[in-house]
Structures are given as structure tokens and as C-alpha cells.
Amino acid sequence: MSKVFKVLKLGSGIGQREPHQKRRRALVAGGAGFLGSHLCERLLRDGYDVVALDNFHTGKRYNLNTFLRDPRFTCIEHDIVDPLPAGLEVDEIYNLACPASPPHYQADPIHTFKTSVLGSLNLLELARRSNAKIFQASTSEVYGDPFVHPQPESYFGNVNTHGPRSCYDEGKRSAETLFFDYSRTYGLDIRVARIFNTYGRRMQPDDGRVVSNFIVQALRGEDLTVYGSGLQTRSFCYADDLIEGFIRLMNAPHAPAHPVNLGNPGEFTIMELATLVVGYTNSRSKIVHRPLPIDDPRQRKPDISFARDNLGWEPRINLAQGLAHTVDYFDTLLYGSRMITGAAAS
Ligand code: NAD
Ligand code: UDP
């Protein structure tokens, strides 16, 4: 066994398959993360054998608790920047491995860039060897601070190449390039999703992104930290809606010829979000302003016409419903089961 990986949980998702074994096998890089763990759960529910690869940088073992004992689930501790474990045979690959929150991806920017570029290369080579379909979790950050609003997939974006966010934005842009070059060069079946801000259960309290920060601050009775004026906008998608979009994109009969926006087109200022969170948590927290981070995009809203028309996909959970579930999740995580909004029971 190579020194660079460790099997944490062995299931039927690894090793050579018996000729009679018909179940499809999916690899989820970043499977212990917020979105990755929801995806693993969904794929197991859909009848797949699942192998999660994760270096546990931001992912947590307890994200895997609800399905860790499933005999079809395998978990390998591995950094995708390093050569992948030998002998992996998979039908589908989902690449979600990459820290997604600004404080986490900026903590080691060179490794973040390597994760998107070298990690994608390693997974693309695995897809090529295994003749597997491969999905890339790209991001609305490829649009940078956009001049076109809302953002359609055809917009090339406005991205700083050398700022503190660039390791993530440019890493993801480079990964998109690699995916499409592998498709053109080797005929690989690729699916690339541009994900807009997504939130929900299994975010970490110290994740650092705005929804989890505000909810945790409100539940703890701390000030809510709005960066800048709070007039910048974002569009927030609930995790369950997004995972449905992943599955539809991966299973569409024909691979789209370009990346596909997945997000909730509802657009809110950060001040509006802060006010909603204070209301849903019945918190006495105050809203305070902190400096706006460098290159913070002023607006974000996906044009999801392509996904709507071609995948039959659109979000079903609005911000009020999604926030209620997420508040209950964090409340239980931090304080036990008070369920202050009652949403988790519904
Ligand atoms: P997350 O930080 O919870 O998950 C990322 C996972 O990848 C973690 O489990 C982490 O440990 C793992 N990881 C990071 N670097 C790795 C490496 N080099 N090798 C192996 N594993 C590694 O974040 P998330 O929100 O679940 O994001 C998942 C993916 O979706 C990321 O690729 C992110 O860029 C993308 N995305 C997310 C959002 C969002 O709003 N949640 C928006 C756009 C794009
Ligand atoms: N933000 C904020 N307070 C926080 C965390 C973030 O006001 O505690 C702002 C941030 O400056 C940005 C928006 O919320 O304008 C979304 O930030 P996040 O890090 O969640 O995502 P991204 O900037 O990558 O879209």
C-alpha cells in the first residue's frame, strides 16, 4: 500500500470487481466535506458503491456518520495532489475536493491551486484509465466581480489573476480548461457545474462562509459581522437542491458542451441575510460592520435557464425554508436539540 493514503473504512467500493457485480461504483473526491458527504449519501441511496477520497483538511469524519457503516461505502484518507491509490476502478468520478471558504482556501493558497490543477489532472487520468464519466465542482467564482448580471454560462468573467482570492478562482478556471481539453483530446465524458453559494446541514461552525458565520454568531448571541456596507449580493442555494442538480447533470443523456450554472436565482444583500438570520434565531445579536475583503464580488446571481431547460432542474427550497433547517442543524450541533424554528421536525 502506498504511504500517501490510508483506508479508513473498507467497503465493496474498492478492489477488483467480480464479473457478476453490476452495481455502479462512484468515487467522490472531497467526500467528507459539506457537499461531498451529502453526495455520498445520495449515491448510496441511489444504489451505488461509493469510494470517498479526502485529506480531511476541511472535511470531518463525523459528516460520514449516517452511512459510515454501509458495507458499500469505502473511505480513503488521501490528498488528490498526490498520485492516486493504485487499483481504483470506478464508473463515475465526482471532483469536489477543494477548500471552498475564503479563509480556508487562502490559508495555503499554493496548495489550493495545486488541488484544483494537479488534483484535477490526477482524477482526469483516472477517468481516462477507467473510461469513467467525470464531474467537476466548479464555481461562480469563475465570474469574479461580474459586469454581466445575472451571470449566464457564456459570460467569461472578470477575475483578478494575482489577488488573495485568485488561488481559488484561477485554480477553478484552470481546472475547467483541463476538463474541456481532456474531453476534446481523449473524448472523455465530462460534466462541469458552476456552483453558486450553497449552504445547509453539515457546514462546519468555523467554516467562515457567510451563512454559517451569521447563524453561529446569532445562536451564540455574538455580533453578526457584515463585511463592508453589506449591500453586496449573493444567491443562496440549499444543499439538497444542489445535490439534485449534480445528479441530473451527471445523468443527462448528452454531456453539455459547456459548464452549467447550478444555484438559486433568489438574490439577497448580505444585510438582508443578516436581518433574516437575526429574526429566525430570535437573537439579540447586533449587526456590526467589518472591512470588506479584497476583491469581494459586488453581485452574484445565476442565470439557470440552461439547467431549467435541459436538466428540468430548478431549486425548490427557498431561503426562508433553507435557513430554518440550517438554524436547527446548528442549534442542535451547538446546544443539543432545542429546535428553535421547528423546521427540522417537518
Ligand atoms: P468543504 O470545504 O466542506 O469540502 C471540501 C472537501 O474537500 C473537504 O472534505 C476537504 O477536506 C476536501 N479536500 C480539500 N482539499 C483536498 C485535497 N487536496 N485532497 C483531498 N481532499 C481535499 O466545501 P464544500 O462547500 O463542500 O465544497 C465542495 C466543492 O464544491 C469544492 O470543490 C468547492 O470549490 C465547490 N463549491 C462549493 C460551493 C458552496 O457554496 N458550497 C460553491 C462553489 C463551489
Ligand atoms: N461575509 C460577511 N460576513 C461574514 C462572512 C462573509 O459579510 O462573516 C460576506 C463576504 O464579504 C461576501 C459574502 O458575505 O460579500 C459571501 O461571503 P462567503 O465567504 O460566504 O462567499 P463568497 O465571498 O465566496 O461568495
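All of the numbers you see were taken from the coordinates with simple rules; none came from a lab. Here the structure is a predicted model, which means the values were calculated and not measured. Positions of Cβ are backbone-derived with ideal geometry, glycine not excepted, and every protein chain shown enters the neighbour counts.
Annotations for the structure displayed:
- The chain: radius of gyration and largest Cα-Cα distance (Dmax), Å: 19.6, 62
- Cα-projected label distance for V148 with A86, points at 7 Å along beta-carbon direction, nm: 4.7 nm
- Here the 3J(HN,Hα) profile of segment 284-295, calculated from phi with Karplus coefficients 6.51, -1.76 and 1.60 at θ = phi - 60°, is 8, 4, 9, 9, 10, 9, 10, x, 6, x, 4, 6 Hz, Gly and Pro shown as x.
- 5 angstrom amide H check on T233, placed H, neighbours 5+ away: Q299, R300
- Fully extending the segment from F56 to L68 would add 2.8 nm, taking 0.36 nm per residue of separation and subtracting the current Cα-Cα distance.
- Measuring against 29 Å, Cα to Cα, the residue pairs K114/K286; K6/K301; K60/K172; K6/K114; K9/K301; K60/K286 contain K114/K286; K6/K301; K9/K301; K60/K286 as the ones spanning a longer distance.
- In the distance distribution for segment 1-130, Cα-Cα pairs more than 21 Å apart total 35 percent.
- Simple spin-label estimate for Y335 and R23 in nanometres, 7 Å along Cα-Cβ: 4.0 nm
- GNM on the chain, alpha-carbon springs under 10 angstrom: the most fluctuating residue among S116, S37, S130 is S130.
- Rg to Rh, two decimals, where segment 145-205 supplies the alpha carbon set and Rh follows Kirkwood: 1.03
- Placing pseudo-labels 7 Å out from each Cα toward the beta carbon at I110 and D223 gives an inter-label distance of 3.6 nm.
- In a reduced charge model with +1 at each Lys and Arg Cβ and -1 at each Asp and Glu Cβ, segment 136-193 shows a dipole moment near 60 debye about its Cα centre.
- 3J(HN,Hα) along segment 126-142: 4, 4, 5, 4, 8, 6, 9, 6, 9, 10, 10, 7, 8, 8, 5, 4, 5 Hz, from the Karplus curve 6.51 cos²θ - 1.76 cosθ + 1.60 with θ = phi - 60°, whole Hz, x for Gly and Pro.
- Summary of packing: across the peptides 48-55, 195-202, the per-residue average of other C-beta atoms within 10 Å ranks them, highest first, as 48-55, 195-202.
- Other residues lying with their Cβ under 11 Å from the Cβ of Q299 contribute a combined charge of +1, Lys and Arg counting +1, Asp and Glu -1.
- Computed [θ] at 222 nm, deg cm²/dmol, the chain (DSSP H ≥ 4; -39,500 (n - 2.57); rounded to nearest 500): -10000 deg cm²/dmol
- Measuring spread by the Cα atoms of segment 163-263 yields a radius of gyration and Dmax of 17.2, 55 Å.
- By other beta-carbon atoms within 10 Å, ranking C167, C40, C237 with the fewest at the front produces C167, C237, C40.
- Distance histogram in 10 Å bins (all Cα pairs of segment 97-217, percent per bin): 13, 39, 35, 12, 1
- Mean projected area in nm² (Cα convex hull; one quarter of hull surface) for segment 208-298: 7.2 nm²
- Scanning residues 5 or more positions from Y227 or on other chains, those with amide H under 5 Å from its amide H are R290, with H placed 1.01 Å from N in the peptide plane.
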